[in-house]
Structure formats: C-alpha cells, structure tokens
Amino acid sequence: MARNNRRPGWALCLQFSLLVLGSISLAIFVLFQDHKSPVDAAEPVNTWKESFDLPFQIDSDMWALQHRNHTQLHRRATDVNQDQDYTCDKENPCSNGACCGESGVCGYGKTYCGLGCTSNCDAKAACGRDSESGHAKCPLNVCCSQFGFCGTTSDFCGGGCQSNCRTPASPSSGGDVRNTIIGYYESWKGESSTSPVDIALLPVEALNGLNYAFAYIYPGTYEIVPMPGTSEESFSRVTDAKKRNPDLRVWLSIGGWTFSDNGTSTQSLFGEIAADMQKRSKFANNLYKFMVQYGFSGVDLDWEYPGAGDRGGLERDVTNYPLLLQMIRSVFAIRNRDFMISFTAPSSYWYLQWFDLPELMKWADYLNLMTYDLHGVWDEHDPFGSHIYAHTNITEIDASLSLLWRNDVSPSKVNLGLAFYGRTFELEDPSCFQPGCRFSGAGAKGPKTDTAGILSFGEIQDLIASNKGSIFTTYDNVAGVNYMVYNEGKSCQCLGISFDDKTTFQQKIDFANARGLNGLFIWAIDLDDDNFTALKSVTGTDLTPIVRESSTLSYFNIDKCYNSRCGIDCVEGFTALVTLKRFVARRGALPIRRLVPGEEAAGIATKGAMWAKSRLHSVNVETAQISVVQAEQEPSAVKQPAVQRRWKLANQ
C-alpha cells in the first residue's frame with residue numbers, strides 16, 4: 001500500500017478482434033505495474049541508505065525487461081474503443097507468450113501450436129484443455145475462455161467458457177464508509193530537510209485510524225526497526241497522536257514497495273519468515289513487544305508482492321502468507337490483546353492472483369485495496385503505445401472489486417484507497433490531452449514531492465492558484481476523476497495531470513457506499529495542502545489548520561501584537577495569525593494568558609492551536625484571533641528560542 005515505497009494497484013484489459021479462418025474474437029491482457037513504496041535499497045541497519053525516492057517511482061527498465069504489467073480484467077473505460085492488431089510472425093512472436101500460428105495469429109492448441117507454427121510452439125494456455133495439466137483453472141476464480149485465456153468480461157465468461165463462468169453480483173449498499181477513515185502518514189516526511197510535515201500539525205481528530213508508513217524488519221533477528229531516513233523517535237511521535245484523539249487507532253504498517261524491491265537485503269524477508277514456523281513465531285512475538293512498547297493499536301502488512309517472480313516472490317508464498325497472519329493473530333490472542341490486523345492488496349490481477357484471499361481473510365480484520373496508480377508513466381511500455389489514462393478510475397476499480405467478490409471476500413472488510421496526489425505526463429501533442437492521447441514522458445518534478453510524474457494535492461492546488469501559463473481542467477464523470485492541462489510556456493512543455501477534488505472524492509465515496517465497503521484509507525495525509533482541503537472533502541468536516549511556525553515571523557515587535565475579541569476581525573493594517581479556541585467550562589470562561597514581551601508569536605499560535613484542538617471533543621468553544629502586523633526582518637535580530645509552554649489557564 002503504501003508509498004515512499006508504495007503504494008498501489010492498477011491494471012486494465014485490452015480486447016482485440018482477430019480473424020482466424022473466419023471471425024473469432026479473443027482478448028489479450030496487458031498487465032501494468034503497481035504502486036511503489038518510497039525508499040531505496042536497504043542494507044543492514046547501520047549502513048542503510050539515508051536517501052530515497054518517493055514510493056510512487058518504479059524501475060521502468062526492469063519492468064520493461066520482465067514485461068509484467070498489472071492488469072484489471074476489463075477494457076479501459078476510457079479507451080479509444082478500436083480493435084488492436086495482435087498478429088505475429090517468426091520475427092515478431094506473440095508478446096503474451098502464446099503460439100504464433102500459421103495464420104499469423106496468436107493462440108493455443110493444435111490450431112496455433114501445431115503444424116505451421118512459427119514461434120513459441122511449446123506454449124501452453126493459462127487454463128483449460130490446452131493448459132499444462134489439461135484442466136487448469138484461472139487464479140482468483142476468473143473465467144477461462146474457450147481459447148484458454150483468463151478474464152471476467154463476456155468474451156471469457158460467455159459462449160465456450162471452460163470454467164468459473166459465473167459472474168458474481170455486486171454487493172448491495174451498506175453503511176457509511178466515512179465512519180472508517182484511515183490516513184497513511186509517510187514517516188520520512190517528519191524528518192525531511194526540504195519539505196517536512198510534522199504529524200503534530202495534522203488534524204488526526206478527523207481520522208479513525210492512522211497508519212505509520214513504514215517500519216522495516218531487520219534481517220536475521222526479525223526485529224522491527226525504522227526504515228532508512230527515519231529514527232526510532234518517529235514511532236512515538238506518531239502514536240502520541242492518540243493524546244489528541246483518544247479514539248484513534250494507530251497502525252504500524254510494515255514493508256512497502258521498496259522493502260521488497262529487487263536488489264535489496266530485505267526483499268526476501270517476508271517470504272523467509274512466512275515459510276518457517278519458528279521464524280513466524282519469532283517475528284510475531286517481536287512485533288507484539290514492539291506494539292506494546294510504542295502503543296500501536298494494529299499492524300498493517302504491506303508485502304509487495306507474495307508469489308510474484310518479478311518481485312522476488314516464490315510459489316510457496318501463496319500458502320505461507322496466510323500462515324504468517326495466523327501466527328500473528330495467535331500471539332495477540334495468547335497475550336489477550338485486541339490488536340487488529342490488516343494487509344494491503346493490489347488492484348491489479350497480475351499481482352493479486354498470488355493472494356489466497358479466502359485464507360488471508362480468516363485472520364485479517366481488513367483488506368486495504370490500493371485503488372490508485374492504475375496508470376502512470378510506466379504505461380510507456382504498453383505495446384500499443386504511451387497513452388494517457390487516469391491513475392484512478394471508478395470503472396477499473398469496480399472490476400478490481402469483482403475479483404474480491406469472486407473469492408467470497410465480504411465488502412464489510414474492504415477499505416477503498418484514495419490518493420492525495422495526481423499523476424503527471426508530458427504531452428506528445430499539446431492539443432491532445434484526452435484519455436488515449438499519447439505522452440512523451442513524465443511530468444516535471446514538484447517542489448515538495450521532488451519526483452517526476454507526480455504532484456501532491458497541495459502542489460496541484462498551488463499550481464491552480466498561481467495560474468501561471470495556461471491551465472485547463474476537465475471532469476470525467478464516468479471515471480470519476482479530473483484532468484488538467486498546464487503549459488509553462490517553455491516551448492510547449494505541456495503537462496497532463498489526473499487528480500481528485502471534492503467532486504470526485506465524493507463520487508468515489510458514493511461508489512464505495514453503493515458497494516457496501518467498510519471504509520476508506522488515504523495515501524497520504526501529508527500530501528494535502530496547508531488548509532487540509534482534500535481531507536475536508538473526504539471527511540465532510542471543517543478542519544481548522546494548525547499554524548506552522550514561520551521563518552518570516554521570526555523577527556517582529558511584540559508590542560504590535562494584540563488579541564481580538566471573539567468573532568472580531570483584525571483591524572486595518574493587521575494580519576490574522578491564527579484563530580484560537582477559548583474554552584467554556586462549568587465555572588465559566590477560562591481566559592488564555594496574553595502574550596508577554598519576548599515571546600514568539602508564531603510559536604505561541606502553533607502551541608495554542610494544538611492545545612486547543614486536543615480538547616475540542618469534550619468542550620464548547622468560542623473563537624478569538626491573535627493578530628500581528630507584518631514586520632520586516634532585521635538581519636541583526638536574534639531569533640528567540642521556542643517556548644515550550646506558551647499558554648496557561650487562569651484559575652477561577
């Protein structure tokens with residue numbers, strides 16, 4: 001799930017009409033790569049690299065060589081709706097590994113692999129009579145077509161279907177997914193030297209769950225350790241959020257994309273632990289002690305991905321992964337602790353096929369489905385061209401969910417993923433920016449995310465607000481996503497961006513409710529803007545920003561600061577620094593002490609706002625503003641140290 005190594009899952013299915021001795025149609029799948037996690041390769045703790053990229057990135061070259069794309073089993077909802085040519089010859093074998101028949105068409109069985117076959121003539125079908133065993137079934141209980149391909153559309157499940165031909169009905173609506181909102185927090189952001197985001201400044205009062213992403217596992221000892229670029233103190237900083245929201249569940253998310261990346265010392269750890277009972281027990285007990293030590297409420301396993309050969313997975317992972325969850329559940333039960341368990345799962349068929357969902361769900365409380373990163377710059381390896389498609393799409397999400405229903409996963413245990421970021425492309429033709437148009441590469445890096453091909457929600461809002469160059473936004477009501485075109489005027493460097501806003505977030509929430517899902521999770525809450533616009537849209541609540549300490553207010557004349565009365569705006573010439581909360585208790589108003597000379601207004605405002613928000617759940621409030629005139633910096637001035645305890649309550 002997750003990122004800085006992350007997190008997610010996408011895919012799609014392309015249908016082709018082929019002519020063989022008449023008109024027959026068959027579908028070939030192209031599987032696209034899934035969401036990454038953030039950091040680079042990990043070495044033993046004391047030598048782990050300190051630098052890392054955001055989890056959205058992937059190793060494009062490796063991906064191209066292995067040709068393992070992720071895929072949803074359905075046509076793109078926004079495709080150009082034209083049949084693609086999927087012919088072959090001796091010099092151009094079938095890209096899906098099928099036999100190239102005498103007719104120049106890909107397929108299986110005697111017609112394609114027998115007399116006249118020109119390449120891949122020993123290939124076996126994925127399922128059915130032309131498979132290795134002669135009766136193999138498709139993973140995840142999807143349909144096996146008459147031609148030996150796996151899929152979920154009528155081309156596979158209709159006439160001639162060989163097995164698993166039923167199409168499960170979509171679940172009916174349930175409760176309100178807003179009753180369970182989980183936010184992932186990128187732990188490395190708390191210690192970033194360029195764009196730090198302190199968990200203490202995020203409105204955790206609006207969440208039901210907070211996922212710390214990510215913790216790592218130390219090779220050999222199987223102890224829980226910080227990931228590269230973070231410290232042990234970050235664990236306590238995140239669990240301290242429960243002081244501001246006593247009902248908050250804080251989860252420890254272990255793994256991520258980079259944790260299982262090729263060439264790392266950690267790639268094999270999940271599989272190594274899961275394969276041995278003693279190692280499972282050792283890890284589970286280490287995990288229990290760690291969670292007790294730091295005050296975590298649950299564990300979220302982000303193994304990307306068991307069983308997948310291109311990610312170091314082995315066939316045994318399929319049966320061993322549920323055993324790992326079973327061991328963790330047993331240790332929690334023996335200790336009589338109600339710690340919860342979740343795991344992340346991709347929305348792509350290629351990676352999801354290695355998850356034994358019925359067995360995993362016996363031991364997990366929730367499945368977090370990564371329904372973002374369905375498309376991105378990695379689509380440049382699509383054999384049919386580099387086409388722009390949104391990285392989140394309700395039509396494709398619905399097809400991914402159908403894979404869960406085929407395996408009897410209860411929707412009441414599924415959380416839908418929402419992305420607080422957008423995917424960006426450099427357009428090949430600036431005049432063509434609709435889905436299906438071509439791109440020439442990844443969009444330029446953002447100032448905060450510093451990663452090509454991605455902009456945080458906050459960066460997108462800054463881009464819109466700055467209105468530099470030419471900006472055009474369009475809403476795709478079918479996919480439930482926005483497209484934006486931005487031209488900086490640099491010789492037609494036009495960027496196409498797919499992203500969510502209040503309208504599309506609500507559309508996905510309505511969709512999740514219609515499917516009876518349990519809740520929502522966000523990757524990631526630290527990617528929001530300073531006003532928490534995205535989080536407000538998802539939660540449906542008004543959130544008061546906690547003012548961050550500003551270097552521009554480090555030097556000022558304290559005598560020019562004053563407190564306004566409740567509900568009164570600043571007088572002309574003054575700027576509102578922050579709206580504070582004044583508490584009303586049984587004995588009346590408890591006034592906040594006035595500022596005294598020498599105190600730093602920005603620091604005071606921040607501390608005051610944090611103090612106030614931590615008690616909003618149990619008291620009534622009135623509001624008052626602190627105002628400060630914009631003062632010029634004096635080079636000779638010495639910055640005052642932050643005062644830890646700025647506010648006191650007068651006893652009444």
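Key figures
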quantity	calculated
Selected residue (criterion: farthest from Arg178 (Cα to Cα)) from residues of region 524-543 that are in contact with a Lys or Arg (Cβ under 7 Å, 6 or more places away or on another chain) and surrounded by fewer than 17 Cβ atoms within 10 Å (Cβ to Cβ)	Asp542
Residue count, region 228-244 (criterion: within 15 Å of Phe290 (Cα to Cα) and assigned to a loop (DSSP other than H, G, I, E, B))	2
Hits in region 434-448 - residues which are within 22 Å of Phe505 (Cβ to Cβ), out of contact with any Leu (no Cβ under 6 Å at 6 or more places or on another chain) and buried (at least 21 other Cβ atoms within 10 Å of the Cβ)	Pro435
Residue in region 388-408 that is more than 25 Å from Asn141 (Cβ to Cβ) and touching a Gly at 6+ places or on another chain (Cβ under 7 Å) present	yes
The one condition in (1) of a type in the set (S, T, N, Q); (2) in contact with a Gly (Cβ under 9 Å, 6 or more places away or on another chain); (3) surrounded by fewer than 22 Cβ atoms within 10 Å (Cβ to Cβ) that Thr230 fails to fulfil	(3)
Of the criteria (1) surrounded by fewer than 20 Cβ atoms within 10 Å (Cβ to Cβ); (2) not in a loop (DSSP other than H, G, I, E, B), which one Asn336 fails	(2)
Test: residue in region 281-289 that is buried (at least 17 other Cβ atoms within 10 Å of the Cβ), part of a helix (DSSP H, G or I) and without any contact (Cβ under 8 Å) to a residue 60 or more places away in the chain	yes
Residue identified as of a type in the set (A, V, I, L, M) and modelled with pLDDT of 95 or more among Ala200, Ala206, Ala169	Ala206
Of residues in region 290-319 being part of a strand (DSSP E or B) and either surrounded by fewer than 22 Cβ atoms within 10 Å (Cβ to Cβ) or without any contact (Cβ under 8 Å) to a residue 60 or more places away in the chain (or both), the one nearest to the chain's Cα centre (by Cα)	Leu301
Odd one out for Ser268 among (1) modelled with pLDDT of 95 or more; (2) touching a helix residue (DSSP H, G or I) at 6+ places or on another chain (Cβ under 8 Å)	(2)
Within region 507-558, considering residues that are modelled with pLDDT under 95, closer than 26 Å to Glu459 by Cα and of a type in the set (A, V, I, L, M), the one nearest to the chain's Cα centre (by Cα)	Leu543
Region 257-280, subset within 18 Å of Pro322 (Cα to Cα) and touching a strand residue (DSSP E or B) at 6+ places or on another chain (Cβ under 8 Å), residue surrounded by the fewest Cβ atoms within 10 Å (Cβ to Cβ)	Ile273
Residue satisfying all of: in region 383-400; outside any loop (DSSP other than H, G, I, E, B) and of a type in the set (Ser, Thr, Tyr); farthest from Thr424 (Cα to Cα) among these	Ser400
Filtered residue count, region 339-358, keeping only those that are buried (at least 24 other Cβ atoms within 10 Å of the Cβ) and under 21 Å from Gly151 (Cβ atoms)	9
Every residue from region 452-461 that is outside any strand (DSSP E or B) and out of contact with any Asp or Glu (no Cβ under 6 Å at 6 or more places or on another chain)	Ala452, Gly453, Glu459, Ile460
Top-ranked residue of region 233-256 - restricted to ones that are buried (at least 20 other Cβ atoms within 10 Å of the Cβ) and polar (S, T, N, Q), ranked as farthest from Thr180 (Cα to Cα)	Ser234
Residue that is over 15 Å from the mean Cα position of the chain (by Cα) and at pLDDT 90 or above, where the choices are Pro411, Pro435, Pro430	Pro411
Qualifying positions in region 404-452 - in contact (Cβ under 8 Å) with a residue 12 or more places away in the chain, of a type in the set (Ser, Thr, Tyr) and out of contact with any His (no Cβ under 9 Å at 6 or more places or on another chain)	Ser410, Ser412, Thr424, Ser440, Thr449, Thr451
Single residue of Ile328, Ile341, Ile334, Ile273 found to be out of contact with any Pro (no Cβ under 6 Å at 6 or more places or on another chain) and without any contact (Cβ under 8 Å) to a residue 40 or more places away in the chain	Ile334
Unique residue being in a helix (DSSP H, G or I), of a type in the set (A, V, I, L, M, F, W, C), buried (at least 24 other Cβ atoms within 10 Å of the Cβ) and at pLDDT 95 or above when the list is Leu369, Leu403	Leu403
Trp378 vs. criteria surrounded by 24 or more Cβ atoms within 10 Å (Cβ to Cβ), in contact with a helix residue (DSSP H, G or I) (Cβ under 7 Å, 6 or more places away or on another chain) and assigned to a helix (DSSP H, G or I)	yes
Residue within region 215-226 that is under 18 Å from the mean Cα position of the chain (by Cα), assigned to a loop (DSSP other than H, G, I, E, B) and under 21 Å from Arg316 (Cα atoms) present	no
Residue satisfying condition, being out of contact with any Gly (no Cβ under 7 Å at 6 or more places or on another chain), among the hydroxyl-bearing types (Ser, Thr, Tyr), within 19 Å of Tyr421 (Cα to Cα) and buried (at least 16 other Cβ atoms within 10 Å of the Cβ), within set Tyr184, Tyr216, Tyr222	Tyr184
Selection from region 153-180 of residues that are in contact with a helix residue (DSSP H, G or I) (Cβ under 6 Å, 6 or more places away or on another chain) and buried (at least 22 other Cβ atoms within 10 Å of the Cβ)	Val177
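Here's the yes/no breakdown for (1) surrounded by fewer than 21 Cβ atoms within 10 Å (Cβ to Cβ); (2) modelled with pLDDT under 95; (3) part of a helix (DSSP H, G or I); (4) of a type in the set (Gly, Ala, Ser):
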position	(1), (2), (3), (4)
Asp122	yes, no, no, no
Ser133	yes, no, no, yes
Leu140	no, no, yes, no
Gln146	yes, yes, no, no
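The values are calculated or read from the model by the stated rules, or taken from the named source; none is laboratory data. Quick caveat, the model's predicted, so the values are computed rather than measured. Every residue, glycine among them, receives a Cβ derived from its backbone with ideal geometry; neighbour counts consider all protein chains shown.
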